[in-house]
1. Say we look at segment B:69-86 and pick out the residues that are in a loop (DSSP other than H, G, I, E, B) and open to solvent by less than 30 Å² (accessible area, probe 1.4 Å); which of these is nearest to B:Asn142 (Cα to Cα)?
2. Select from segment B:93-142 the residues that are in contact with a strand residue (DSSP E or B) (Cβ under 7 Å, 6 or more places away or on another chain) and open to solvent by less than 30 Å² (accessible area, probe 1.4 Å) and write down the one among them that is nearest to B:Lys72 (Cα to Cα).
3. Any chance you could count how many residues in segment A:261-279 are part of a loop (DSSP other than H, G, I, E, B) and closer than 26 Å to A:Cys50 by Cβ?
4. Given the structure, is B:Ala51 away from chain A (no Cβ under 13 Å), open to solvent by less than 20 Å² (accessible area, probe 1.4 Å), out of contact with any Lys or Arg (no Cβ under 6 Å at 6 or more places or on another chain) and not in a helix (DSSP H, G or I)?
5. Pick from segment B:12-47 the residues that are surrounded by 24 or more Cβ atoms within 10 Å (Cβ to Cβ) and closer than 19 Å to B:Ala98 by Cα: which of them is modelled with the highest pLDDT?
6. Can you find a residue in segment A:323-333 that is more than 30 Å from A:Glu124 (Cβ to Cβ) and either within 29 Å of the chain's Cα centre (by Cα) or not aliphatic (A, V, I, L, M) (or both)?
7. Within segment A:183-198, does at least one residue satisfy the condition of being more than 14 Å from every other protein chain (Cβ to nearest Cβ), modelled with pLDDT of 95 or more and under 30 Å from B:Leu34 (Cα atoms)?
8. Consider segment A:350-365. How many of its residues are assigned to a helix (DSSP H, G or I), open to solvent by less than 40 Å² (accessible area, probe 1.4 Å) and more than 7 Å from chain B (Cβ to nearest Cβ)?
Amino acid sequence: MKGYSHSIRLEADKCRGCTNCIKTCPTEAIRVRGGKAKIIDNRCIDCGECIRVCPHQAKKANTDEFETIFNYKYKIALPAPSLYAQFSKIYTRGQILAALKLLGFDYVYEVARAAELITAETKEYLKRKDIIRPVISSACPVVVRLIRLKYPSLIPNISQIESPMEAAAEIARNEFAAKTGARPEEIGIFFISPCAAKHTAAKMPIGNLKSNVDGVIAIKSIYVKLLKLLSDSEEADFKVMASKYGVRWANSGGESLALETDNFIAVDGIHNVAKILEEIEDDKINDVDFIEALACNGGCLGGPLCMENVYSAKAIFKKVLEKDISQSALPYTDERFNPMHDAEIEYVDAYSLDKDMYAAINKMAEMNRIVAELPGLDCGACGAPNCRALAEDIIRGEASESDCIIKLKEEYKKLKKKIGAEKGNEK
Amino acid sequence: MSDNIIRLHYDIDADDFSSAGLASSGTKRMLNQLGFNPAIVKKVAISMYEAEINAVIHADGGCADVEITPEKIVVVISDKGPGIPDIEQAMQAGWSTATNEIREQGFGAGMGLPNMKRYTDDMKIETELGVGTKVTLIINVN
């Protein structure tokens, strides 16, 4: 999977070349060229903002088809806790997990359970003297990628503890192999996901050499199948393992509540996250131990691959949490996994104008000159999200000043005036 | 044209805490894109922010002029405020003339000038009572 850098892709025939996605992208990763949106690969962090905003459904996320589970002899499902909030008729978690198993999985392991174990590890991690504070949660892959791209000075703040998805995958593989004698390579592990970025996280992990997840299936894509099984087999039940401490991770603030500390900031929504990261970088946030940052508004319940809109999902989630849930975390059993990242997180340079500082400074001086001459409307009609981005594209040789329709109009007016004056002279 | 220097000029508006910091954040964004070491960017961003906030709190705003070269970054914050009567006193950590109102907003802790000194390689204050203050912050790249 070398070269794979993001899951978001364009369905070109649906794209009308409007400015919605370029304006909302938090990393300025989209341009409209030749009437179609184009993603700048190394800038895309899979936040899904473009999927949400596109009026023509031209932005999609790569995920794995449900049928790919049959490529494996043994199939394991790892449901994200956000799955529990997708059914407006309230089913218990036991019913939802039982239906999931009936879809064709041999084993189901709740990611919410792994989240509890990660919480226990994080509590210990936060006691360490050798860590840089505030610690930023590594659970949201979009946030980790935003830091790597735009806030590299905060890479050392990222928690070195695994994400619940990775922990769940490792535990489930070990448990299933131990129980059945299956060889690890015969087991396919599938994350049932609210999130486009988790697909990329499984293909090209950050902080890990290799992912334990073999496939990522969108909640949306199995929703109808699951709904049918739920209504057909209401009496089916499944022994749940996670308490409210793990399940609540799906909601913004849930991870922090599980840590049982008051000394945290929980921020959700990618643009809000960027503001908080900026403030940490400028030393404006002190005396805080932990930052829970989730890219989607409302947390994972607001994920682009969820079925319910985030506010309905929150209402359902509240009822699910009241229904059948253990109020205290279950103790550790013999769940075996390595809780630590095993690879460095590296800075991705996607914005520099030139490797050579002298050349970069000259290019930026030129860019500032161009910006001063552009109208400053940030209209996006040129295909770049704002005037500054157009100036940058011009410097890179990817656009020209005549792409600006306001400038073009000025030229046209001048020309018209000139022609008018010439005609007047002829009379 | 290619003289290896970027000159920036920002006006600093008075008495608007919510927009205070625009000059330093704009400068920071450019330094990041230029590829300066994050430690250098941080020194500029923090010291310039402190100076910018000071101009807002004490002097009804002013302006910022920045020169970026591969060797050093020079920030000059000028205001037409009351001036600083005793620079030595003002440099002491915790010493402040800020009103309670400003302190309640989380500003005016008396760390502005000490922080500027801490985060710069060279700092110069020129001040005249009733005329204004000019703070020059120099951050060396190497």
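The values are calculated or read from the model by the stated rules, or taken from the named source; none is laboratory data. Bear in mind that the values here come from a model prediction, so they are computed numbers and not experimental data. In this analysis, Cβ positions are derived from the backbone assuming ideal geometry, glycine residues included, and neighbour counts consider all displayed protein chains. The protein model used for the area step is the full one, side chains on, heavy atoms only, and it has no ligands, DNA or RNA in it. Shrake-Rupley method; radii C 1.70, N 1.55, O 1.52, S 1.80 Å.
1. Looking only at segment B:69-86, we keep the residues that are in a loop (DSSP other than H, G, I, E, B), and these are B:69-71, B:80-86.
Imposing the further condition that a residue be open to solvent by less than 30 Å² (accessible area, probe 1.4 Å) reduces the set to B:69-70, B:81, B:83.
On the way: B:Thr69: 12, B:Pro70: 9, B:Gly81: 34, B:Gly83: 33 Å.
This residue is B:Pro70.
2. First, the residues of segment B:93-142 that are in contact with a strand residue (DSSP E or B) (Cβ under 7 Å, 6 or more places away or on another chain): B:116-117, B:120-127, B:132-141.
Now narrow it down to the ones that are open to solvent by less than 30 Å² (accessible area, probe 1.4 Å): B:116, B:120, B:132-133, B:135-137, B:139.
Values: B:Met116: 16, B:Thr120: 11, B:Gly132: 26, B:Thr133: 22, B:Val135: 16, B:Thr136: 13, B:Leu137: 10, B:Ile139: 6 Å.
Checked segment B:93-142; the qualifying residue nearest to B:Lys72 (Cα to Cα) is B:Ile139.
3. 1
4. Details: away from chain A (no Cβ under 13 Å): yes; open to solvent by less than 20 Å² (accessible area, probe 1.4 Å): yes; out of contact with any Lys or Arg (no Cβ under 6 Å at 6 or more places or on another chain): yes; not in a helix (DSSP H, G or I): no.
Judged against the criteria, B:Ala51 is not a match.
5. Filtering segment B:12-47 for residues that are surrounded by 24 or more Cβ atoms within 10 Å (Cβ to Cβ) and closer than 19 Å to B:Ala98 by Cα, the one modelled with the highest pLDDT comes out as B:Ser47.
6. Our first condition is that a residue be more than 30 Å from A:Glu124 (Cβ to Cβ); within segment A:323-333, this holds for A:323.
Next, only the ones that are either within 29 Å of the chain's Cα centre (by Cα) or not aliphatic (A, V, I, L, M) (or both) stay: A:323.
Taking every residue of segment A:323-333 in turn, at least one turns out to be more than 30 Å from A:Glu124 (Cβ to Cβ) and either within 29 Å of the chain's Cα centre (by Cα) or not aliphatic (A, V, I, L, M) (or both).
7. Yes, there is a match, as at least one residue in segment A:183-198 is more than 14 Å from every other protein chain (Cβ to nearest Cβ), modelled with pLDDT of 95 or more and under 30 Å from B:Leu34 (Cα atoms).
8. So the answer is 1.
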